[in-house]
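First up is the structure itself, then whatever we jot down about it.
Where a number appears in this text, it was derived from the coordinates with a stated rule and is not lab data. Being a predicted model, the structure only gives us computed values, none of them experimental. Note: ideal-geometry Cβ built from the backbone for every residue, glycine included; neighbour counts use all protein chains shown.
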Amino acid sequence: MKLLKPFFLVTDIGFIIYWIVTFFHIIPDSAAFKDYTNPIMIAWNWSFFPLDILISITGLSSLFLYRQKREIWRGFALISLVLTFCSGLQAIAFWAYYKDFDIYWWGFNGYLLIYPLFFIKGVMIPKKV
């Protein structure tokens, strides 16, 4: 958990900040993804909101449960990691299908796709003491 904690904090708090920034339209158009003002693209982006917030809830809950020394933290962590992977995969798949490559957006979503792979096995299989 020592290595996983910073990833959860960055990802989960990052999602919450992203959705606050998105809700208040703080992202400058120059930093937004292609066709950011298109109503279909807005709907596509907001379709990730429930998933991303569930990721944040399960990830932050796992940190809380770990501090409480409750073994159920592993289940919450696993759910968060798998959903994070799915969120990154879905976004990357869309951008690839849409034929739009922006290093900024691909970088963030690549992070979401890849980092969980390093922790899933460790969360599923407790270390022997």
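What the table below lists for this structure:
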item: Acute angle (nearest 10 degrees) that the helix 4-23 long axis makes with the longest principal axis of the chain, alpha-carbon atoms; result: 30
item: Average Cα contact separation per residue, the chain, under 8 Å, 6 or more apart, as relative contact order %; result: 23
item: Residues of type lysines that Lys5 reaches as a straight line, Cα spacing below 24 Å, ignoring anything fewer than 8 places off in the same chain; result: Lys69, Lys121, Lys127, Lys128
item: For the stretch 51-56, 3J(HN,Hα) per residue [Karplus equation, 6.51 cos²θ - 1.76 cosθ + 1.60, θ = phi - 60°, Hz, x = Gly/Pro]; result: 5, 5, 5, 5, 4, 5
item: Estimated translational D of the stretch 2-72 in µm²/s (Stokes, Kirkwood radius over Cα pairs; 4 °C; 1.567 mPa s); result: 94
item: Stretchable slack from Trp44 to Lys127, in nm (0.36 nm times residue separation minus alpha-carbon distance); result: 25.9 nm
item: Longest DSSP-loop-exposure-free segment, trypsin sites (Lys or Arg not before Pro), the chain, at most 11 other Cβ within 10 Å; result: 3-68
item: Hydrodynamic radius (Kirkwood) for the stretch 8-49, which is based on Cα pairs only, to one decimal in Å; result: 11.0
item: Mean Cα-pair separation over length for the stretch 79-127, i.e. relative contact order, pairs under 8 Å, 6 or more apart, %; result: 52
item: Per residue Cα convex hull volume in Å³ - calculated over the chain; result: 103
item: Taking Asp52, Asp29, Asp100, Asp12 and counting other C-beta atoms within 10 Å, the order from fewest to most; result: Asp29, Asp100, Asp52, Asp12
item: Principal-axis tilt of helix 73-97 within the chain, Cα atoms, nearest 10 degrees; result: 20
item: Theoretical gain in end-to-end length, Phe94 to Ser30 [0.36 nm per residue, Cα-Cα removed]; result: 21.0 nm
item: Point-to-point label distance, Ile53-Tyr111, nm (Cα→Cβ direction, 7 Å offset); result: 2.2
item: For the stretch 106-116, Karplus couplings with θ = phi - 60° (6.51, -1.76, 1.60), whole Hz, Gly/Pro x; result: 5, x, 4, 6, x, 4, 5, 6, 8, 4, x
